[in-house]
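J.: To start, I am sharing the structure in question, which I have written as structure tokens.
The values are calculated or read from the model by the stated rules, or taken from the named source; none is laboratory data. Predicted model only: the values in this text are computed from it and were never measured. Please note: Cβ atoms are built from the backbone with ideal geometry, for glycine as well, and neighbour counts cover all protein chains shown. Keep in mind that these areas ignore ligands, DNA and RNA; they rest on the heavy atoms of the full protein, side chains included. Shrake-Rupley method; radii C 1.70, N 1.55, O 1.52, S 1.80 Å.
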Amino acid sequence: MPELPEVEVVRAGLAPAVTGATVAAVVVDDARALTRHAAGVADFCARLTGRRMLGAARRGKFLWFPLAPDGEGAPEAVLGHLGMSGQMLLRAAGADRERHERVRLSLDHPLHGELDLVFADQRTFGSLAVDALVPTDDGEPAGRGTLDPLLPAQARHIARDPLDPAFRDRAFVAAVSRTRSAIKRVLLDQGVVSGIGNIYADEALWSARLHPETPSDAISSRRAGRLLAEVRAVLERALAEGGTSFDAQYVNVNGQAGYFAHSLNAYGRGGRPCPRCGRPIERIAFTNRASHFCPRCQRMPEAG
DNA sequence: TAACCGACCTGATGGC
DNA sequence: TGCCATCAGGTCGGTT
């Protein structure tokens, strides 16, 4: 379940390998991995083959590799989203096929020589595309790993993430106060704040002592600011530990797992004691998924 | 327009 | 042992 820390680990791992590399060949094993590329497999391969990649950038859970200009055309990038189970793996040129391999880019790097970038994805919720780059709304760099104020058109609706220097805390606090939706729903809304998924939403709400179903407009500005601070803290801790791995679904570019699963306080701990007060963590259904929280530390505010 | 919900997808797991 | 149901959840489009 790659969320911001996991995607950032992947981005940072890929950056040295893809920056300056030329795409020598593209092999698509499964067209479902290109659902974001509406023009189809042949167009994807034709647009990408022979192009040079300029770096590895990320906003929220979206990754992209800007491409060197191709004639007079608009600036473009390879856009990727890992979905639920996507992996981007660096392998020696010609290495054996990976389980669930969907797309392989053969790269020629001026320093590292030939290597393969493999996109593998069990559940095929992730996908790649060659996408046009468009200007950011605020003129600031588009995300981590790039100084250009350009981001893929398909990621235009995605808000900045809380670790982005250009993230606007005030806009987040205002968005929280604007809606009656459950606060967890707001945290998962990638148009308000990006990079947070089910795991880190539960963890941040546990840290902030907020019930996941608290109506957002019942949360004071000060409390919303504290929640944002807890979001940042949990994301940074997870990043420092290499992300959260429950199984083989999330690994870095070398196939290694992260360690943050050992540090979780609420997510996946239903029935086990709250690390703060000892009361069993509750697990409740939440829009076709699950929320985990402490019924003592995270109480719903009194009505009225 | 905001809020909500189901579809998409595969593999692991548990119950019978 | 084998079959079936359930669960995991990010994003997007359709519905209310």
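J.: If you take the square roots of the eigenvalues of the alpha-carbon gyration tensor of the range A:4-155 and sort them as a ≥ b ≥ c, do you get rounded (a/c under 1.5), prolate (a/b over b/c) or oblate?
T.: rounded
J.: Can you find, among A:T146, A:P301, A:A129, the residue sitting farthest towards the positive end of the charge dipole of chain A, where Lys and Arg contribute +1 and Asp and Glu -1 at Cβ?
T.: A:P301
J.: Using the Cα centre of the range A:169-293 as the reference point, and only Cβ charges (+1 on K/R, -1 on D/E), how large is the resulting charge dipole? Debye, rounded to the nearest 20.
T.: Here the size comes out at about 440 debye.
J.: Per residue of the range A:233-244, what does 6.51 cos²θ - 1.76 cosθ + 1.60 with θ = phi - 60° give for ³J(HN,Hα)? Whole Hz please, x for Gly and Pro, Karplus curve as stated.
T.: 5, 5, 5, 5, 5, 5, 4, 5, 9, x, x, 10
J.: Could you pull out every residue, at least 5 positions away or on a different chain, whose amide H is within less than 5 Å of the one on A:G86? Hs are placed 1.01 Å off N in the peptide plane, and Pro or chain starts have none.
T.: A:G126
J.: Applying a 10 Å radius around every beta-carbon, put A:129-135, A:201-207 in order of their mean neighbour count, most first.
T.: A:201-207, A:129-135
J.: Please list A:T146, A:T19, A:T35 in order of solvent-accessible area, largest first, computed with a 1.4 Å probe with all protein chains present.
T.: Sorted by accessible area, descending: A:T35, A:T19, A:T146.
J.: Calculate one ³J(HN,Hα) per residue across the range A:276-284 by plugging θ = phi - 60° into the Karplus curve 6.51 cos²θ - 1.76 cosθ + 1.60, and present them in order as whole Hz with x for glycine and proline.
T.: Result, rounded to whole Hz: 9, 10, x, 5, x, 5, 9, 10, 10.
J.: Below 8 Å, C-alpha to C-alpha, sequence gap of six or more: please give me the relative contact order for the range A:180-301 in percent.
T.: 26 percent
J.: Something else now. State the answer as a single residue: which of A:Y200, A:P110, A:A257 lies farthest towards the positive end of the charge dipole of chain A, with beta carbon charges of +1 for Lys and Arg and -1 for Asp and Glu, about the Cα centre.
T.: A:Y200
J.: Let me check I've understood the local charge: for A:A92, count other residues with C-beta under 11 angstrom from its C-beta, Lys and Arg +1, Asp and Glu -1. What total comes out?
T.: Here the count lands on -2.
J.: Considering only A:C277, A:A68, A:L14, whose Cα is most displaced toward the positive end of the charge dipole of chain A, charges sitting on Cβ of Lys, Arg (+1) and Asp, Glu (-1)?
T.: So the residue we want is A:C277.
J.: Using Cα pairs closer than 8 Å and at least 6 residues apart in sequence, work out the relative contact order for chain A, in percent.
T.: 17 percent
J.: Mind giving me the FRET efficiency for A:D43 and A:M300? R0 is 45 Å, r the Cβ-Cβ distance, nearest 0.05 is fine.
T.: It comes to 0.30.
J.: Still on this structure, please answer the following. Suppose only helical runs count, i.e. DSSP H with n ≥ 4. What mean residue ellipticity at 222 nm does that imply for chain A under -39500 (n - 2.57) per run, divided by all residues and rounded to the nearest 500 deg cm²/dmol?
T.: So the helix-based figure for chain A works out to -7000 deg cm²/dmol.
J.: Net charge near A:A182, counting Lys/Arg +1 and Asp/Glu -1 over other residues with Cβ under 12 Å of its Cβ?
T.: 0
J.: Counting only the heavy atoms of the protein chains, how much of A:R51 is accessible to a 1.4 Å probe, in Å² to the nearest 10?
T.: Number for this one is 20 Å².
J.: Given labels modelled 7 Å from the Cα in the Cβ direction, how far is it in nm from A:R276 to A:F125?
T.: That separation, rounded to one decimal, is 2.7 nm.
J.: Under 1.5 on a/c is rounded, so check that first for chain A, then, if it is not, pick prolate when a/b is larger than b/c and oblate when it is not; a ≥ b ≥ c are the square roots of the alpha carbon gyration tensor eigenvalues.
T.: Taking the square roots of the gyration eigenvalues as a ≥ b ≥ c, chain A is prolate.
J.: If you don't mind, there's one more thing I want to ask. Once a ≥ b ≥ c are taken as the square roots of the eigenvalues of the Cα gyration tensor of the range A:248-291, is the result rounded (a/c under 1.5), prolate (a/b larger than b/c) or oblate (a/b not larger than b/c)?
T.: Oblate, because a/c is 1.5 or more while a/b does not exceed b/c.
J.: If you don't mind, another one. For a quick check: with amide H placed at 1.01 Å from N, whose amide H comes under 5 Å from A:K61's, ignoring anything fewer than 5 positions away on the same chain?
T.: Here A:G195 satisfy the definition.
J.: Size of the dipole of chain A about the Cα centre, Lys and Arg at +1 and Asp and Glu at -1 on the beta carbon, nothing else charged, in debye to 20?
T.: Once rounded to the nearest 20, the dipole reads 1360 debye.
J.: Protein chains only, probe 1.4 Å: how do A:M300, A:M84 rank by accessible area, largest first?
T.: A:M300, A:M84
J.: Using only Cα atoms and rounding to the nearest 10 degrees, what angle (0 to 90) does helix A:198-208 make with the longest principal axis of chain A?
T.: Here the helix axis deviates by roughly 40 degrees.
J.: Within 9 Å, Cβ to Cβ, of A:R160, how many net charges do the neighbouring residues add up to if Lys/Arg are +1 and Asp/Glu are -1?
T.: In short, -2.
J.: Over the range A:4-155, what is the relative contact order in percent, taking alpha-carbon pairs closer than 8 angstrom and at least six residues apart?
T.: 27 percent
J.: For A:V103, what residues show an amide H to amide H distance below 5 Å, using hydrogens built from the backbone and excluding near sequence neighbours?
T.: Here the answer is A:D29, A:F119, since their amide H atoms fall under 5 Å of that of A:V103.
J.: Then there's this: Quick one: if the Förster radius is 35 Å, what FRET efficiency do A:A92 and A:N288 give, using the C-beta to C-beta distance and rounding to 0.05?
T.: For R0 = 35 Å, the calculated efficiency reads 0.30.
J.: Any chance you could give the angle, 0 to 90 degrees and rounded to 10, that helix A:169-178 forms with the longest Cα principal axis of chain A?
T.: 60 degrees
J.: Once the Cα atoms of helix A:4-18 and of chain A are each reduced to a long axis, what angle between those two axes, in degrees from 0 to 90 to the nearest 10, is obtained?
T.: Taking the Cα atoms of chain A, the angle to A:4-18 is about 20 degrees.
J.: Assuming R0 = 41 Å, what is the FRET efficiency of A:S177 and A:A153, from their Cβ-Cβ distance, to the nearest 0.05?
T.: 0.85
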